[in-house]
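Since the structure comes first, as structure tokens, the remarks are kept for the end.
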Amino acid sequence: MLGVMSRAQIERRLRSVSERLRSARDDLGVTEEQLVQLADEADDARLRSLVSETPIAEKEHRKASRHADRLRKHRDRLQAEVAALDAEQDELLDRLTGP
């Protein structure tokens, strides 16, 4: 995947990947906190919709659910990015410490 690289190139790439990984993990933490809040709001809207049985309450429930679903997809993309960056970092570390 990384081809032939000098030690300096590997170190530069490792610093870059580490910074991107830190940023992605920070974004993931914020997103997960927001998702908890939005999921709670969607659940509350669902209950209000069931109790009130009004079109407005149903519309609010659908809107809140869609918003939470979009944030879940964003979280999933961030999780995949973190996993890929972790793997790249591991590979770079192996190359740096290898023969």
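The values are calculated or read from the model by the stated rules, or taken from the named source; none is laboratory data. Computed from a prediction, not measured in an experiment: that's the story for all the values here. With ideal geometry, Cβ positions are generated from the backbone for all residues, glycine too; neighbour counts draw on all protein chains shown. Note: accessible area is taken over every heavy atom of the protein model, side chains too, but ligands, DNA and RNA are not part of it. Shrake-Rupley method; radii C 1.70, N 1.55, O 1.52, S 1.80 Å.
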For residue 6, the net charge from surrounding residues (Cβ-Cβ under 14 Å; K, R +1; D, E -1) works out to +3
Within the stretch 57-80, the residues whose backbone N lies under 14 Å from a label point placed 7 Å from the Cα of residue 35 along the Cα-to-Cβ direction are 67-80
The answer for the chain, accessible area per residue at 1.4 Å probe in Å², is 71
Each label sits 7 Å from Cα toward the beta-carbon; between residue 44 and residue 27 the label points are separated, in nm, by 2.8
Share of accessible surface on carbon and sulfur in the chain, whole %, 1.4 Å probe and ligands ignored, is 52
Cα extents of the stretch 27-99 per principal axis, largest first, Å, are 69, 14, 14
Per the charge dipole of the chain (beta-carbon charges, Lys/Arg positive, Asp/Glu negative, Cα centre), the residue among 4, 16, 65 reaching farthest to the positive end is 4
